1. List residues of segment 97-135, by number, whose backbone nitrogen lies under 13 Å from a label position 7 Å along Cα→C-beta of THR82.
2. To one decimal place, what Kirkwood hydrodynamic radius in Å is obtained for segment 108-193 from all pairs of distinct Cα atoms?
3. What is the distance, in nm, between label points placed 7 Å from the Cα along the Cα-to-Cβ direction at ASP202 and at ARG131?
4. Given all pairs of different Cα atoms, what value in angstroms does the Kirkwood hydrodynamic radius of segment 104-151 take?
5. Quick one: with all protein chains in place, what share of the accessible area of segment 128-191 is carbon or sulfur, to the nearest percent (1.4 Å probe)?
6. Once the mean 1/r over all distinct Cα pairs of segment 38-87 is inverted, what Kirkwood radius in angstroms do you read off?
7. So what does THR159 come to for accessible area, using a 1.4 Å probe and Å² rounded to 10?
8. How much FRET efficiency would the formula 1/(1 + (r/R0)^6) give for ARG31 and SER217, where r is the Cβ-Cβ distance and R0 is 41 Å, rounded to 0.05?
Amino acid sequence: MQKLKVRLFGLCFFSLFIFYSFAQDFDALTRVQKRVVNIEAAVSEVDIFISAYDGDTIAYKAELSAGTKLSIVEHKKKLRFTEIKPASGKLFIYVPKDFLLESCRILASHSSIKIEGIKAVHFSVSGNFNRAEITGSRLKNSLIALSNGSLTFNNGIVTAADFCLNTSTAKIQIAEEKADCNLFVTKQKCEKFLYEGEAYTDKILALSPSKPKKFISMSASFSDIDLGFSAPLKEPAEKFDKYGVSEFGPKPSPNLVNNEANFLPKTGTSLP
């Protein structure tokens, strides 16, 4: 019985220690104004981690090597990270759960990039010699451009996603229904290209449903690509107002041959 009490005490102490350390860790964050809805980072040899948390504003912390520094500027709706001298280390950015970013743009080289569980209207990651892992996020307009890098991508796409990959390795999963996606891929001299688990050797891959809701394009060269579809995301969810308009913004108007036709009476009817 005495041993059990000692074990329970040790377990409680350990749990409190972990909780206290976690709380202290978040206490060290720098929080920005609630108006900030855009994140930009242009770095080299700085690893970037972006994830959701329980706070009510965007927050960040930088763990940099001695003698290196980042310029961190909060201006109006934008939070920007850039190098003012050679920098190395880690940058952690936390976005409130269910928060919609207007934009998230990362330009990096020789960096590790991990982004998970966010929502963004405009999203881009580009650069050279990067290792990027982007998962569990819902993105309206997404651009990924990597050279000599690696990519893991498994996200929901609201409208469009474009991939430009050169001499890279990528496992890409589109978390949407296949029947909703217009897919167009061009590839040249790829080491390996898998589509839904099977080797695909043609230079062009096209998937054209009659009424597509998502548009996915890819240009790949000298790369190793594994492309497919995964189960649609449940979280983070896309919200709609009482009129059915998405928080990501209304869908673009249809491309009509004659836009004036929308305002003219239908055939067989007369003007009042």
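1. Taking a point 7 Å out along Cα→Cβ of THR82, the residues of segment 97-135 whose backbone N falls under 13 Å are 107.
2. Result for segment 108-193, one decimal place: 13.2 Å.
3. About 3.6 nm, to one decimal.
4. 10.7 Å
5. About 48 percent, which is the carbon plus sulfur part of the accessible surface.
6. Taking the inverse mean of 1/r over all distinct Cα pairs, segment 38-87 comes out at 12.1 Å.
7. Here the accessible area works out near 40 Å².
8. 0.65
The values are calculated or read from the model by the stated rules, or taken from the named source; none is laboratory data. Bear in mind the structure is a predicted one, so any value in this text is a computation, not a measurement. Cβ: placed from backbone, ideal geometry, glycine included. Neighbour counts: every protein chain shown. Accessible surface areas use protein heavy atoms only, side chains included; no ligands, DNA or RNA. Shrake-Rupley method; radii C 1.70, N 1.55, O 1.52, S 1.80 Å.
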